[in-house]
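The structure appears below as structure tokens.
The values are calculated or read from the model by the stated rules, or taken from the named source; none is laboratory data. Small disclaimer: the values here were computed from a predicted structure and weren't measured. Here the Cβ is made from the backbone with ideal geometry for all residues, glycine too, and neighbour counts use every protein chain on show.
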Amino acid sequence: MARLRISKSNVDAAQPGSVYWDDKLAGFGLRVSSTGRKVYIYRYRKAAPGRAAQTRPITYTIGAHGGLTPDEARKIAASLAARVAEGGNPQVEKNEKRLTSVELEFSRQADLWLEHYEQIRRASSLFQAKLVVRNHLKPGLKNKSLAEITRSDIQTLIDSIPQRQKAMRRAVFAYASVMFSWSVSRGDIPRNPLKDMLKPEAPKARERTLTDDELVSILQASYQSRFGAFYRLLILTGQRKSEVATLQWSHLDRSQATWTIPAVQTKNGKAHIVPLSQAAVDELDALGGEEWPKTGYVISTTGGKKPIAGFSKAKKSLDAAQVSEWRVHDLRRTLATGLQKQGVRFEVTEAVLNHISGSRGGVAGIYQRHDWKDEKRTALNSWANHLRSLLDKPETTNILSFKSKTAL
């Protein structure tokens, strides 16, 4: 039994009929069958029943390579090790949860998969996965036996989503495929019903940006919306919808006027510091007072216990703005375009958005270590000043409430 780093290159090179143990994480291993099937495992020791002084090795099957990457399997193994350290017995707990393939209802399997997915994915991806499961997969498949779900069932579910919602059709396909692949890796079902299924058409890249007048209309309408602060923070910071929705007080530093988005919540897996303009600080003060809380979600309808949801309903409350055919992501694109119009360097705009393509990608990204923190603050302050100037126009000021004029 060899000891080596269980990485993609080493897993790819692993030989049939072998067992490999990780050289860093005790108990984490890879078992390769005589046919070449590769399965990640975690081995630990537990006292034998009735023999407290004696322990026996227990091997927990994490899942097959392909359904899991080495890094994903490692994270699960680390969580299992923590569970053992707490006195738990993961294999016994797994057996207690597990049902036979015939009895395995989709809704219960979806909940188990989300528990697993939460361990290996960033919050924004988990947020999207939960949305897909809650709004589409569970209503469409309900308590149907996992083993009886066919490609036709999935196609019918996707066909029920309007054609214009191409991104959601694609997301439902993607998350369903990941969930069923995970079920295959566990041995719950023999085959992924989405295998060989044609992917839904991808949405066309949008180029829509909002005009100054449209921005003003949306800002005005936001003060009549339950989630108005959410939309104003989107406009002021230019960050992704999921990142603003899952913003926590612990990520904020009022003394430094910064918001640090943890790496696990960003799309590129890199921690991102967002300087806060005074207008953004004012919005946060309105939500948490000048002594910001230490814990909880910033924008929440449950007292900070859970992030907000129901974006489609929230956006309908902004329809009073009468801005045609706009989407939430257009706000991010509008900020980027606005910064370019103000003469902000392209590299700074990319840094504000936490993009790693373009000037921050490839070899340039490897050697470019400047974080652009000061430049980002200057850019976002300039953007906030631009928004304030729009709201301070005579034709606008007369129809804004005192609250809206002071917030920006």
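Results for (1) at pLDDT 90 or above; (2) outside the structural domain of Ser181 (by TED's automatic domain parsing); (3) surrounded by 13 or more Cβ atoms within 10 Å (Cβ to Cβ), shown as yes or no for each residue.
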site: Leu30; (1), (2), (3): yes, yes, yes
site: Ser33; (1), (2), (3): no, yes, no
site: Ala48; (1), (2), (3): no, yes, no
site: Gly67; (1), (2), (3): no, yes, yes
site: Pro70; (1), (2), (3): yes, yes, yes
site: Gln91; (1), (2), (3): no, yes, yes
site: Ala110; (1), (2), (3): yes, no, yes
site: Glu118; (1), (2), (3): no, no, yes
Before we move on, is Ala271 crowded, with 17+ Cβ neighbours inside 10 Å, within 28 Å of Glu207 (Cα to Cα), of a type outside the set (Val, Ile, Thr) and within 15 Å of the chain's Cα centre (by Cα)? no
For the range 140-155, give me each residue that is more than 16 Å from Val178 (Cα to Cα) and exposed (fewer than 12 other Cβ atoms within 10 Å of the Cβ). Lys142, Asn143, Ser152
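Show me the strands (runs of 3 or more DSSP E) found entirely inside the range 1-43 where at least 3 residues are under 14 Å from Thr69 (Cα atoms). Please lay out each step first, then the result.
Working: elements: 2-4, 19-22, 28-32.
Answer list for the range 1-43: 28-32.
Quickly run through the range 337-347 and pick out the residues that are surrounded by fewer than 18 Cβ atoms within 10 Å (Cβ to Cβ) and hydrophobic (A, V, I, L, M, F, W, C).
Going through the range 337-347, the residues surrounded by fewer than 18 Cβ atoms within 10 Å (Cβ to Cβ) turn out to be 337, 340-343, 345-347.
The one that is surrounded by fewer than 18 Cβ atoms within 10 Å (Cβ to Cβ) and hydrophobic (A, V, I, L, M, F, W, C): Phe346.
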Looking only at the range 13-36, which residues are more than 21 Å from Pro90 (Cα to Cα) and touching a His at 6+ places or on another chain (Cβ under 8 Å)? none
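Is at least one residue of the range 199-210 assigned to a loop (DSSP other than H, G, I, E, B), in contact with an Asp or Glu (Cβ under 8 Å, 6 or more places away or on another chain), closer than 25 Å to Ala309 by Cβ and hydrophobic (A, V, I, L, M, F, W, C)?
Yes, some residue in the range 199-210 is assigned to a loop (DSSP other than H, G, I, E, B), in contact with an Asp or Glu (Cβ under 8 Å, 6 or more places away or on another chain), closer than 25 Å to Ala309 by Cβ and hydrophobic (A, V, I, L, M, F, W, C).
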Select, from Ala314, Ala257, the only residue that is over 23 Å from the mean Cα position of the chain (by Cα) and either charged (D, E, K, R) or in the same structural domain as Leu380 (by TED's automatic domain parsing) (or both). Ala257
Just wondering, is there one or more residues in the range 238-251 that are assigned to a strand (DSSP E or B) and either in the same structural domain as His355 (by TED's automatic domain parsing) or modelled with pLDDT of 90 or more (or both)? yes
Can you tell me how many residues in the range 178-198 are surrounded by 11 or more Cβ atoms within 10 Å (Cβ to Cβ), of a type in the set (A, V, I, L, M) and not in a helix (DSSP H, G or I)? 3
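Would you please name the residue that is nearest to Ala351 (Cα to Cα), looking only at residues in the range 215-248 that are charged (D, E, K, R) and crowded, with 23+ Cβ neighbours inside 10 Å? Talk me through it step by step, then tell me what you get.
Filtering the range 215-248 down to residues charged (D, E, K, R) leaves 226, 232, 240-241, 243.
Still in the list and also crowded, with 23+ Cβ neighbours inside 10 Å: 232, 243.
Values: Arg232: 20, Glu243: 16 Å.
Selected residue: Glu243.
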